[in-house]
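Student: My questions will all concern the structure given below.
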Amino acid sequence: MDHINNLFNPNSIAVVGASRTPGKIGHTIVKNIIDCGYKGNVFPVNPAGGDICGLHGYKNIFEIEDPVDIALTVVPASKVYDAVVECAEKGVKYNLIITSGFSEVGNIEEEKKLVHAARDHGMRIIGPNIFGLFSADANMNATFGPANITPGSVAIITQSGALGLAMIGKTAVENIGLSAIVSVGNKCDIDESDLLEYFIQQDRTKVILMYIEGIKNGERFIRSLKKATRVKPVIVIKSGRSARGAAAAASHTGSLAGADEIVDAILRQCGAIRADSIAEAFSWCAYLANAPEPVTEQTVIITNGGGVGVMATDACERYDIPLYNDTETLHEIFSPVTPSFGSTKNPIDISGGATAPEYSQALDAALNHDKIGAAMALYCETAVFPALDLEQMLEDTNRRFKEHGRPVLFAAVGGLDLEHAIGRLRYKNVPVFSDVDQAVACMGKLFEHYRQRRTRCDTFEDCSIDTQAIDAVTAEARASERSFLSANESREIMKIIGVGMPASCVVRSLDEALERCGDIGYPLVMKVVSPDIIHKSDAGGVVLDLNNKDEIIDAWQAINQRCQAYLPGARIDGIELNAMIEPGIETIIGARRDPVFGPIAMFGQGGIYVEVMKDVSFRALPLNRLEILSMMKQTRSYPLLLGVRGEAKKDIEGVLDTIIRVGALVRACDYISDIEVNPLVVFEENAGVKALDVRILLATQRKE
Ligand code: ACO
């Protein structure tokens, strides 16, 4: 990482395309660098030479005798290639290409040429299509954004330039100090993972905020993000949640936005905090950059109003904040500071008559008790306790909590005087909000970050896969470029990886069915085998609970008729006879190769209503049991496995085991793009699981 350190602490900067004309981007960048107090050498480069912003202008990069650490390229797109080649030949370490007009508008080849030219000389590129970079460590504002950036401890990595520039302005309004802000644009070389790796070890940065539209190398991003969230909070705004938003993001950045459910699951798995808006992200950044690590999550709410207390209690449930609830201890702590008509139950209601000293005493009582980890004080403006008195009280209380390393938050609801007081307090980094939910969310995100640091385990469990045997079963399908495996082939694969399926055989005629049914035993199930019918139940191709030969004859005819009616001309290769198994909980499990993030696992409620219920969750593979369990718990139907209404607990270990096996298969055989087991029937604890149906798809197009 030493080399990237140079990017944020360069000894010298050249601006290629520096302009004498105020208002031009090439002028603004030079001016911003000088005005921000950058101490290294600045070399404006312009064919006309002369004086630029009071500095000597060089006619070309070779005229500069000293070494150049970073160059900002601000010439029109048609001139960028030559400028990049010259910088590379000069030995520039980093080239920040501001210019637009490359892959974001389809000019992909030209962008690739830049990377090759740079790589030949060991030069790295940020961009193209960026606004530049600010580094507080180097007093360097090499952007064409606002001149004044408040230094601080939040690092911003943004894919959108315009939004990034707007965020600089907004950080000033919100009094959020930046350790750095860097725009990655088209990410032709350096990307968000490189930058994350740098900010992980940079002392000044306490919180990292990322704005992402599309991710190119998802597997690397996962590794870097997991590393980062182990040491500092990473807040991510990932746009493109809606289908329309994703399309706009793709055309904007030239990179593909992944399916949102997957992105959401992966951010969670990596311990990142996802924000939906800039306002949300900024308030979490500001709070997490200053708040101490909670020793315990047990929280108290202190309020002068019942309504806001209830709202905060609801919000605590939503944001997973445990409220301290030992009523005896609460009474012991708070009865000396609560009037008889108030309440010492959490939320502690010190009543509408409470004044500044009474709030202060109640908060101190919370601060001085070691079972209470954090406090939230809510205030509804009253005439007995006006906004002006509040201001000093909050500032002092905040300082005391800070000195004791305890998280505290304030929400104050009222009139204009109060809003002004909030503005002044925020400017002094006192965490006070005019909205209860916003305040509670900050505490929730603080807990979420430290909780994942304590509990997350990134080791993974694997199982060995006999790839030679899998290759042999799939050889014919791959040679003929088939995109899926047949039921028999899939069954073979399941056997190889050790996932149990009920006894079965495929028969080609009714006579054969009547002959073989004895091998399977009653009751049995008949399922159509057709390369044209993927969803067998939809086509009427499945009949259950057959108990004798007459029923088999009826089912044979019904399946053939219904499938032909469902898809006239469908090829029917035969009918599968399956042993009918005991009832259990139907789950779906799967693994697939995501184009952005690589192998992904899925778990959910199985059966024929999967698409309707959409009760599924995802994680990036490989996984350990703890993480698989957390994926399972994320579904609404998970409690069914624990046993409801007096039912016995189900074989959760069997599900975990199957997910590990299926995941290992997809990781080991890159020609398998999708595998879906539906239903995977889960029996009682220690009675195992059975895969009733399996679909395996092959990545035929990958061979090109
Ligand atoms: N070496 C050095 N300087 C050169 C060279 C060269 N080979 N060729 C030209 N120059 C000089 C020019 O003489 C000019 O200086 P002058 O004004 O003193 O004459 C300067 O470089 C700039 O060249 P212009 O032709 O005037 O180009 P202009 O400034 O109009 O545009 C720019 C260049 C800004 C790079 C433009 O092409 C561009 O890409 N703009 C978009 C930038 C952008 O938005 N990036 C994304 C940011 S994020 C966001 O969305 C906000």
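Student: If you fit an axis through the alpha-carbon atoms of helix 487-497 and take the longest principal axis of the Cα set of the chain, what angle between them do you get, 0 to 90°, nearest 10?
Tutor: 60
Student: If you don't mind, another one. Can you send over the solvent-accessible area of residue 428, 1.4 Å probe, protein chains only, in Å² to the nearest 10?
Tutor: Spelled out: residue 428, probe radius 1.4 Å, area about 100 Å².
Student: Which distance in nm do the two modelled labels at residue 538 and residue 327 give, with both placed 7 Å along the Cα-to-Cβ direction?
Tutor: Result for the modelled spin labels: 5.5 nm.
Student: Any idea of the accessible area per residue across the chain, 1.4 Å probe, to the nearest Å²? Intermediate values should be presented prior to the final figure.
Tutor: Values: 29630 Å² over 704 residues.
Accessible area per residue: 42 Å².
Student: Something else about it: Specify whether the C-alpha gyration tensor of the stretch 504-624 places it in the rounded, prolate or oblate class, a ≥ b ≥ c being the square roots of the eigenvalues: rounded for a/c under 1.5, otherwise prolate if a/b is larger than b/c and oblate if not.
Tutor: Working: a/c = 2.39, a/b = 1.83, b/c = 1.31.
Prolate, since a/c reaches 1.5 and a/b exceeds b/c.
Student: Hey, another quick one. Measure up 527/549; 39/93; 31/226; 31/445; 112/170 against 27 Å on the Cα-Cα distance and list the ones that go over.
Tutor: Numbers: 527/549 16 Å; 39/93 18 Å; 31/226 38 Å; 31/445 39 Å; 112/170 34 Å.
Those over the limit are 31/226; 31/445; 112/170.
Student: In nanometres, what is the gap between the two model label sites at residue 109 and residue 172, each 7 Å from Cα along Cα-to-Cβ?
Tutor: Simple spin-label model gives 4.3 nm for this pair.
Student: Let me ask something else about it. By how many degrees, between 0 and 90 and to the nearest 10, does the Cα long axis of helix 356-367 differ from the longest principal axis of the chain?
Tutor: Orientation of helix 356-367: about 50 degrees from the principal axis.
Student: Roughly speaking, what is the stretch gain from residue 424 to residue 483, that is 0.36 nm per residue apart minus the C-alpha to C-alpha distance, in nm to one decimal?
Tutor: Additional length available on full extension: 14.9 nm.
Student: From the square roots a ≥ b ≥ c of the eigenvalues of the alpha-carbon gyration tensor of the stretch 39-156, which class results: rounded (a/c under 1.5), prolate (a/b over b/c), or oblate?
Tutor: oblate
Student: Rounding to the nearest 20 debye, state how big the charge dipole of the stretch 502-565 is about its Cα centre with +1 on each Lys and Arg Cβ and -1 on each Asp and Glu Cβ.
Tutor: Numbers: 6 positive and 10 negative charges, 35 e Å.
The dipole magnitude comes to about 160 debye.
Student: Please give the FRET efficiency for residue 82 paired with residue 562, using the beta carbon to beta carbon distance and R0 = 56 Å, rounded to the nearest 0.05. Could you put the intermediate results ahead of the total?
Tutor: Numbers: r = 69 Å, r/R0 = 1.22.
E(calc), rounded to 0.05, equals 0.25.
Student: Taking a temperature of 37 °C and a viscosity of 0.692 mPa s, what whole-number D in µm²/s does Stokes-Einstein yield for the stretch 130-244 with Rh from Kirkwood over alpha carbon pairs?
Tutor: Details: Rh = 14.2 Å.
Estimated via Stokes-Einstein, D reaches 231 µm²/s.
Student: Gain in length, residue 217 to residue 648, computed as 0.36 nm per residue apart minus the alpha-carbon separation, to one decimal in nm?
Tutor: On the way: separation 431, 0.36 × 431 = 155.16 nm, distance 4.40 nm.
Full extension from residue 217 to residue 648 adds 150.8 nm.
Student: Quick one: which residues, 5+ away or cross-chain, put their amide H under 5 Å from the amide H of residue 152? H built at 1.01 Å from N.
Tutor: Amide H to amide H, under 5 Å and 5 or more residues apart or across chains, residue 152 pairs with 178, 179.
Student: May I pose another question? Starting from the Cα of residue 232, draw a straight line to each of the aspartates and glutamates and keep only those under 17 Å, dropping any in the same chain fewer than 8 residues away.
Tutor: Residue 232 reaches 192, 194, 197, 203, 293, 448, 458.
Student: Modelled label-to-label distance, residue 468 and residue 361, 7 Å Cα→beta-carbon offset: nm?
Tutor: In this crude label model, residue 468 to residue 361 measures out at 8.2 nm.
Student: At a Cα cut-off below 17 Å, give the lysines reachable from residue 633, other chains included and same-chain residues fewer than 8 away excluded.
Tutor: 614, 649, 650
Student: Take every Cα pair under 8 Å in the chain that's 6+ residues apart, average their separations, divide by the length, and report that relative contact order as a whole percent. Please list the in-between numbers first.
Tutor: On the way: 1462 pairs, mean separation 57.2, N = 704.
Normalised by residue count, the contact order of the chain is 8 percent.
Student: Also: So what's the gap between the Cα centers of the stretch 388-417 and the stretch 220-239, to the nearest angstrom?
Tutor: Cα centres, the stretch 388-417 to the stretch 220-239: 31 Å.
Student: How large is the Kirkwood hydrodynamic radius of the stretch 383-451, in angstrom, based on all distinct alpha carbon pairs? Kindly include the intermediate steps, with their values, before the conclusion.
Tutor: Working: mean 1/r = 0.0792 Å⁻¹.
For the stretch 383-451, the Kirkwood estimate is 12.6 Å.
Student: Computed over the Cα atoms, what is the radius of gyration of the stretch 429-486 divided by 2.2 N^0.38 Å, N being its residue count? Each step should come with its number before you reach the end.
Tutor: On the way: Rg = 25.5 Å, N = 58, 2.2 N^0.38 = 10.3 Å.
Relative to the rule-of-thumb radius for its length, the stretch 429-486 sits at 2.47.
Student: Right, next: Go ahead and run the numbers for FRET between residue 293 and residue 119, Cβ-Cβ distance against an R0 of 35 Å, rounding to 0.05. Each step should come with its number before you reach the end.
Tutor: Numbers: r = 42 Å, r/R0 = 1.20.
So, using R0 = 35 Å, E works out to roughly 0.25.
Student: Compute the distance from the alpha-carbon center of the stretch 496-524 to that of the stretch 48-98, in whole Å.
Tutor: Here the two parts' Cα centres lie 74 Å apart.
Student: Same structure again: May I ask you to compute the full-extension gain from residue 570 to residue 340, defined as 0.36 nm times their residue separation minus their alpha-carbon distance, rounded to one decimal in nm?
Tutor: Details: separation 230, 0.36 × 230 = 82.80 nm, distance 7.91 nm.
Taking residue 570 through residue 340 to full extension adds about 74.9 nm, to one decimal.
Student: Take the alpha-carbon positions of the stretch 88-192, form their convex hull, and give its projected area averaged over all directions (one quarter of the hull surface) in nm². Let's see the in-between values first.
Tutor: On the way: hull surface 26.3 nm².
Computing the convex hull of the Cα atoms and averaging its projections yields 6.6 nm².
Student: Right, here's the next one. Taking the Cα atoms of the stretch 484-571, what is the range of coordinates along each of the three principal axes, in descending order and whole Å?
Tutor: Each principal axis gives a Cα extent; for the stretch 484-571 these are 36, 30, 19 Å.
Student: In square nanometres and to one decimal, what's the mean projected area of the convex hull around the Cα atoms of the chain? Mind dumping the intermediate values first?
Tutor: Numbers: hull surface 150.9 nm².
Average projection, Cα convex hull of the chain: 37.7 nm².
Student: If you roll a 1.4 angstrom probe over the protein chains with everything in place, what fraction of the accessible area of the chain belongs to carbon and sulfur, to the nearest %? Walk me through the numbers on the way to the answer.
Tutor: Details: 14940 of 29630 Å².
That fraction is 50 percent.
Student: If you don't mind, another one. Once the whole set of protein chains is in place, how much accessible area is left on residue 580, using a 1.4 Å probe, in Å² to the nearest 10?
Tutor: Roll a 1.4 Å probe over it and residue 580 shows about 70 Å².
Student: When all protein chains stay in place, what accessible area (Å², nearest 10, 1.4 Å probe) is found for residue 335?
Tutor: Near enough 40 Å² of accessible area.
Student: A further question on this structure: Taking the Cα atoms only, what angle lies between the long axis of helix 652-668 and the longest principal axis of the chain, rounded to 10 degrees?
Tutor: With both axes taken from Cα atoms, the answer is about 80 degrees.
The values are calculated or read from the model by the stated rules, or taken from the named source; none is laboratory data. Worth saying up front: this structure is predicted, and the values here are computed from it rather than measured. Virtual Cβ from ideal backbone geometry, glycine too; neighbours counted across all protein chains shown. All accessible areas refer to the heavy atoms of the entire protein, side chains included, with ligands and DNA or RNA removed. Shrake-Rupley method; radii C 1.70, N 1.55, O 1.52, S 1.80 Å.
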